[in-house]
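Single-structure report; data block below.
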Amino acid sequence: MKFALLGALLIAVGLADSCGGNCPSGKCPSCPCGTTKNMQDIATWCGKHSWNQACCKCIVSHESGGNAHATNYNSNGSTDVGLWQINSINWGGCSGGKAPCDPTQNLNCAIKVYQGSGNSWKPWSTHTACGC
């Protein structure tokens with residue numbers, strides 16, 4: 001019985017770190033978007049705003065791979081979530097302080113971040129690799 005409980009505890013700890021696959025680094029202290037993946041069509045979501053479509057598709061592909069529940073814990077203690085990996089420092093201004101895990105919420109946050117940087121992809125670390 002002790003070994004079964006220990007095994008279950010180790011599995012639970014492992015799932016918390018990787019959030020059921022939503023946290024590829026395996027270093028997430030929590031799972032703000034849950035432990036179930038939510039795969040979305042990147043082109044469809046990028047097409048919902050009038051930004052450079054090639055840049056959007058490349059950035060979302062690199063940031064989340066189309067998983068609306070993707071999570072990344074950063075070395076500075078902040079957390080990125082969703083299709084566009086919106087950083088927790090932006091949650092207050094675009095999603096009422098909560099993690100924007102819903103694709104529509106995440107899109108609205110991405111638009112605010114994009115517009116707030118002068119219609120630029122610079123806030124996303126992958127912008128250079130995508131040529132944006």
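A short reminder: the numbers here are calculations on the coordinates, not readings from a lab. Quantities reported herein were computed from a predicted structural model and do not represent experimental measurements. For neighbour counting, all protein chains shown are included, and Cβ atoms are generated from backbone atoms with ideal geometry for every residue, glycine included.
Overview of values
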read-out	value
Candidates Asn72, Asn52, Asn90: whichever shows maximal mean-square fluctuation once the chain is modelled as a Gaussian network with Cα springs under 10 Å	Asn52
Pairwise label distance in nanometres, Thr44 with Lys27, each label 7 Å out on the Cα-Cβ vector	3.3 nm
Given (1) 17.9, 67; (2) 16.6, 57; (3) 15.9, 59, the label whose value is Rg and Dmax of the Cα atoms in Å derived from this model	(3)
Contour excess over end-to-end distance, with Cα ends at Lys112 and Ser125 and 0.36 nm allotted per residue	3.0 nm
